[in-house]
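**Student:** Structure in structure tokens, see below.
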Amino acid sequence: MPVKEFIRNRPLIANIVYSLRPFTWRPSPVNIQVILKNLAQRRKNLFFVQIGSNDGLNGDPIYKLIRDFRWTGIMVEPLPEICARLKSNYQGVPGLTFENSAISAKIGKTPFYTLSEVNGHNSSQMSSLLFEVIAKQKLVMPDFAERFVVRYVNSITVTDLL
């Protein structure tokens, strides 16, 4: 069962989880699409850097725009198997550079916290260089301890990326 569905089906847990989140304005995915499409139509030769690209499809607000408007850019994904899917999903699209690294304050290997997939449920978007970010899933995921994984990934700085 997806995490959001699990939370929605348990009002008490939902109230606790949502009360822990600080108030921030986040545009809806629809608004993001409108804003980015408007930008793409006004500016030709748009260059982007996407850090945490995942596979280019799951929850990606710019996948269609990259293809439709021929954006050029750099896509960064630290997990090797997810980066391979990213490259495959953009096969034949010119002007893209792929970096299989995490962005960090230092160059080298760095711990990367993630959750393993279970029953076909894709957990690749639940990953972070910060343990605290992943640890929040303990509140809503009964099998967190079995799924929690620390992997060591290549890391580079933003300066080195650019």
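**Student:** Pairs needed: first member in the range 127-153, free of Cβ contacts under 8 Å to residues at least 12 places away in the same chain; second member anywhere, surrounded by fewer than 16 Cβ atoms within 10 Å (Cβ to Cβ); C-beta distance under 7 Å; at least 6 residues apart or different chains.
**Tutor:** 138/144
**Student:** Please state which one of 104, 116 is under 22 Å from residue 147 (Cβ atoms) and open to solvent by less than 50 Å² (accessible area, probe 1.4 Å).
**Tutor:** One residue alone meets the criteria, 116.
**Student:** Looking at 54, 38, 89, 58, which is the one that is open to solvent by 50 Å² or more (accessible area, probe 1.4 Å) and within 17 Å of residue 125 (Cα to Cα)?
**Tutor:** When all the criteria are applied, what remains is 58.
**Student:** Taking interchain pairs and intrachain pairs at least six residues apart, which have beta carbon atoms under 8 angstrom, with the first residue in the range 71-100 and at positive phi and the second basic (Lys, Arg)?
**Tutor:** 95/70
**Student:** Pick out the one residue from 114, 159 that is of a type in the set (S, T, N, Q) and touching a residue at least 24 places away in the same chain (Cβ under 8 Å).
**Tutor:** One residue alone meets the criteria, 114.
**Student:** For the range 1-76, list the helices (runs of 4 or more DSSP H) that sit wholly inside it and hold at least 3 residues that are modelled with pLDDT of 75 or more and more than 19 Å from residue 98 (Cα to Cα); which are they?
**Tutor:** Fully inside the range 1-76 and qualifying: 29-42.
The values are calculated or read from the model by the stated rules, or taken from the named source; none is laboratory data. Predicted model, so just to flag it, every value in this text is computed and none were measured. As a convention, Cβ positions derive from the backbone with ideal geometry for all residues, glycine included, and neighbour counts pool all protein chains shown. Heads up: the accessible areas ignore ligands, DNA and RNA and are worked out on the full protein's heavy atoms, side chains in. Shrake-Rupley method; radii C 1.70, N 1.55, O 1.52, S 1.80 Å.
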